[in-house]
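Scroll down for the structure; my scribbles are underneath it.
The values are calculated or read from the model by the stated rules, or taken from the named source; none is laboratory data. Bear in mind that the values here come from a model prediction, so they are computed numbers and not experimental data. A quick note on method: Cβ atoms are made from the backbone with ideal geometry, for glycine too, and the neighbour counts reach across all protein chains shown.
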């Protein structure tokens with residue numbers, strides 16, 4: 001939609017925050033679902049990065065192409081009613097916006113339960129790296145083997161256990177191999193038994209070097225609920241000549257991982273009463289205290305990297321393309 005006037009910043013009841021502060025804020029579910037200008041700016045940043053990620057994925061003409069296009073339209077339109085914004089969400093793994101919401105929901109559902117585990121430890125179990133061709137089969141085998149491993153641990157202990165596990169995949173560009181593995185939070189005793197049982201089951205497929213156990217902290221719990229695979233890499237120590245932060249996107253291995261993870265459950269809880277929401281609501285409303293009360297329609301403008309009205313008002317003051325440079329590998 002063409003702008004009818006020069007873009008201008010929407011009036012806000014909350015003073016603008018610095019870019020450095022808003023970029024580091026995480027999603028939080030506040031009482032009554034009230035969010036601040038910082039959260040709103042984070043929403044803009046998430047949509048901006050999602051679209052930068054999508055374009056190279058779409059160019060691959062992948063079997064997931066239709067789903068990638070579905071994400072392109074995620075939150076394209078925001079309907080404002082008073083201080084509330086309502087939009088449609090795609091609920092795909094590669095959508096930064098939906099992942100932020102899913103992470104917040106998961107933390108809200110499980111955080112206290114996980115923190116209550118006595119002698120809490122962070123466990124990693126894995127097997128040898130695999131090629132792209134074997135990735136999907138390897139994921140299926142890992143999930144089946146871990147289920148068998150947990151059953152053996154329960155029989156050995158003769159008691160219920162408390163644990164939560166997440167499937168994660170990393171890619172090694174030097175070897176062109178993939179490393180699917182599990183992160184688990186459980187007690188130290190159970191964690192050590194899981195590693196021993198896992199190694200006994202895997203034979204030459206796994207080595208002691210690929211397993212790890214260490215005391216868990218709050219940061220581990222939060223990390224557990226984040227992305228199954230890193231969607232992009234922020235080059236902390238390297239910037240462009242004009243000072244922009246570099247975001248590196250390696251689209252092809254990402255696409256292969258998303259294909260392998262299709263219809264696969266990445267979280268599993270054992271002995272915990274809460275359930276991680278596997279899906280977010282297709283249509284969701286969020287209230288932002290910083291907004292002026294009004295009835296308005298906001299549409300995403302890819303040229304401005306922000307939501308705007310028909311009269312050219314910009315939802316938040318930050319243009320994230322001024323701070324980030326996207327590097328496509």
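Checked against (1) modelled with pLDDT under 95; (2) surrounded by fewer than 15 Cβ atoms within 10 Å (Cβ to Cβ), residue 259 meets all criteria but (1).
If you check residue 169 against the conditions, is it surrounded by 19 or more Cβ atoms within 10 Å (Cβ to Cβ), in contact with a helix residue (DSSP H, G or I) (Cβ under 7 Å, 6 or more places away or on another chain) and either touching a residue at least 60 places away in the same chain (Cβ under 8 Å) or closer than 29 Å to residue 51 by Cα (or both)? Against the criterion (surrounded by 19 or more Cβ atoms within 10 Å (Cβ to Cβ), in contact with a helix residue (DSSP H, G or I) (Cβ under 7 Å, 6 or more places away or on another chain) and either touching a residue at least 60 places away in the same chain (Cβ under 8 Å) or closer than 29 Å to residue 51 by Cα (or both)), residue 169 qualifies. When restricted to residues that are loosely packed, with under 12 Cβ neighbours inside 10 Å and at positive phi, segment 114-163 contains 1.
Reported count of residues in segment 193-219, each being out of contact with any helix residue (DSSP H, G or I) (no Cβ under 9 Å at 6 or more places or on another chain) and closer than 26 Å to residue 111 by Cβ, is 2.
Table: residues versus (1) assigned to a strand (DSSP E or B); (2) within 11 Å of the chain's Cα centre (by Cα).
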{"position": "78", "(1), (2)": "yes, no"}
{"position": "86", "(1), (2)": "yes, no"}
{"position": "92", "(1), (2)": "no, yes"}
{"position": "102", "(1), (2)": "no, yes"}
{"position": "107", "(1), (2)": "no, no"}
{"position": "111", "(1), (2)": "no, no"}
{"position": "114", "(1), (2)": "no, no"}
{"position": "124", "(1), (2)": "yes, no"}
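Looking at segment 274-282, is at least one residue touching a helix residue (DSSP H, G or I) at 6+ places or on another chain (Cβ under 9 Å) and modelled with pLDDT of 90 or more? No, segment 274-282 has no match at all. Might you let me know whether segment 130-150 holds any residue that is within 30 Å of residue 293 (Cα to Cα), under 21 Å from the mean Cα position of the chain (by Cα) and in a helix (DSSP H, G or I)? No, there is no match, as no residue in segment 130-150 is within 30 Å of residue 293 (Cα to Cα), under 21 Å from the mean Cα position of the chain (by Cα) and in a helix (DSSP H, G or I).
Checking each residue of segment 198-207 against the condition of being touching a strand residue (DSSP E or B) at 6+ places or on another chain (Cβ under 6 Å) and within 26 Å of residue 158 (Cα to Cα) gives at least one match.
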